[in-house]
Structures are given as C-alpha cells and as structure tokens.
Amino acid sequence: MEKQRIRVLMVRLGMDAHWRGSMVVARALRDAGMEVIYGGNQMPANIVRTALQEGVDVIGLSSLSGNHMILAPEVVKLLKKEKAEDIKVVFGGTVPPGDVEKLKKAGIAEVFGPGSSLKTIISRVESLKTVRAA
Ligand code: B12
C-alpha cells in the first residue's frame, strides 16, 4: 500500500519579513517526501482556515520578529475551537530561551531556533506521525 505523504502548511507568522528560513525548511521537507503548501504571511485565523481547507497534518510557523508569544498560541487555540487538535503545530525562528517552554506549554509541538539542522527538523516532523485519516 502506498505510504501517505505528510502534508505541511508552512507560513510566516503575521507580518514577519524573514522569508529565508521558512523557504529553506519548506524545501527540505519537500525533498524529504512531504507535501508542502507555502502560505506566505498569514494571521492565525487565516492560518487555521487554510490548514483545514488543505487538510494538512502539520502547520509550520516561522517568525524571527518577536511576535511568537502572541500569535503562535493563538493558532493552537483556534485549532482547538475547530476541534482540529490532531493538526500539530511546529515553530521555527528566533525565540528567547525562556519562551521555548512557554510555547510548548501553549501546545506547540516543537520549537527550532536558528542553526537547527534540517535533518533534525525533518525527523521531528516525521515523528509527529500525524497523517490524518482521508
Ligand atoms: C536577513 C535578515 C533580515 C532580512 C530578512 C530577509 C530574509 N533573508 O529572509 C530583513 C532585512 C528583511 C530583516 C528585517 C528585520 N529584521 Co532581521 N535578520 C536577518 C538575519 C541577519 C538573518 C536571518 C536569516 O535569513 N537567517 C538564515 C535562515 C536560514 O535561518 P533562520 O531564519 O533562523 O531559519 C532557521 C531556524 O530558525 C529554523 N526555522 C525558521 N523558520 C522555521 C519554520 C519551521 C516550521 C521550522 C520547523 C524551522 C524554522 O530553521 C532554519 C534552519 O535552521 C537575522 C540575524 C540572524 N543571524 O539570524 C536578523 C534578525 C532575525 N532580524 C532582526 C530584526 C530585529 C529585524 C527587524 C525588526 C529590523 C527592523 N527594525 O526593521 C526587521 C523585521 C521586520 C519584520 N516585519 O519582520 C533580529 C530579531 C531579534 C529578535 N526577534 O529577537 C535579528 C535576530 C537580528 C538581531 N540580532 O537583532 N532581517
């Protein structure tokens, strides 16, 4: 039976202008066999709407501009509201060390700072094993 490919929505959180990291990671996940939808810049409500429309397994949030503590937990909250908690959320970008645990407590599955290896990111995303029933 054909293995179901993990679908990932990659977005830049809010108005974050740092596109390079999200592009690098999106390409790496794609090259690792995942289906990646690149959503550009989006606010939490749009992110959740796109994720539901596209039936993704994982949402990848990217931000280096310091908006993570407000906007990232909002994405998790809205997923819960839509009863779509099975969609896992991972975050990457610049995060002060003290915020990593706070983000995890708020329901972000994984947090990747600058310099994270692409190999590690791929294996962590794969290990979320969130492929949803068709
Ligand atoms: C280039 C750059 C810019 C460019 C961005 C263009 C581009 N190339 O994307 C421009 C000039 C636009 C820019 C603007 C700004 N920048 Co700037 N920028 C940088 C810089 C020098 C490099 C970023 C980069 O491209 N890194 C290379 C990529 C490959 O790495 P990365 O993005 O970190 O991605 C890795 C991980 O973070 C992770 N990752 C990232 N996203 C995701 C997503 C997922 C799902 C996953 C799993 C992993 C993941 O995986 C990647 C691989 O390891 C950094 C300093 C630095 N060395 O990080 C500052 C930096 C990020 N910028 C900073 C600032 C302050 C700004 C501005 C606010 C400046 C200003 N006053 O206008 C604006 C932001 C405006 C906005 N609306 O966002 C600060 C952020 C401080 C903070 N948050 O604490 C930094 C850290 C510089 C500093 N030391 O002060 N910037």
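The values are calculated or read from the model by the stated rules, or taken from the named source; none is laboratory data. Computed from a prediction, not measured in an experiment: that's the story for all the values here. As a convention, Cβ positions derive from the backbone with ideal geometry for all residues, glycine included, and neighbour counts pool all protein chains shown.
Here T120, T94, T130 are screened, and the one residue that is of a type in the set (V, I, T) and modelled with pLDDT under 95 is T130. May I ask you to list the residues in the range 36-74 that are in contact (Cβ under 8 Å) with a residue 40 or more places away in the chain and aliphatic (A, V, I, L, M)? Of everything in the range 36-74, those that are in contact (Cβ under 8 Å) with a residue 40 or more places away in the chain and aliphatic (A, V, I, L, M) turn out to be A51, V56, V58, I59, L61, L64, L71, A72. Of the residues that make up the range 80-93, is at least one farther than 25 Å from P114 by Cβ and of a type in the set (G, A, S)? Looking through the range 80-93, at least one residue is farther than 25 Å from P114 by Cβ and of a type in the set (G, A, S). For the range 1-20: of the residues being of a type in the set (K, R) and under 19 Å from I87 (Cα atoms), which is surrounded by the most Cβ atoms within 10 Å (Cβ to Cβ)? Ranking the qualifying residues of the range 1-20, first place goes to R12. Quick check: anything in the range 12-28 over 19 Å from S117 (Cβ atoms) and either in a helix (DSSP H, G or I) or under 12 Å from the mean Cα position of the chain (by Cα) (or both)? Checked the range 12-28: at least one residue is over 19 Å from S117 (Cβ atoms) and either in a helix (DSSP H, G or I) or under 12 Å from the mean Cα position of the chain (by Cα) (or both). Restricting G107, G66, G92 to residues that are surrounded by 13 or more Cβ atoms within 10 Å (Cβ to Cβ) and within 16 Å of M10 (Cα to Cα) narrows the list to G92.
Being closer than 19 Å to V111 by Cα and at pLDDT below 95 is true for just one of G66, G21. Which residue is that?
Going through G66, G21 in turn, the sole match is G66.
For the residues P97, P114, the requirement of being free of Cβ contacts under 8 Å to residues at least 40 places away in the same chain and exposed (fewer than 13 other Cβ atoms within 10 Å of the Cβ) singles out P97. Being hydroxyl-bearing (S, T, Y), in contact (Cβ under 8 Å) with a residue 12 or more places away in the chain and either in contact with a Cys (Cβ under 6 Å, 6 or more places away or on another chain) or surrounded by fewer than 19 Cβ atoms within 10 Å (Cβ to Cβ) (or both), is that true of even one residue in the range 21-32? Checking the range 21-32: not a single residue is hydroxyl-bearing (S, T, Y), in contact (Cβ under 8 Å) with a residue 12 or more places away in the chain and either in contact with a Cys (Cβ under 6 Å, 6 or more places away or on another chain) or surrounded by fewer than 19 Cβ atoms within 10 Å (Cβ to Cβ) (or both).
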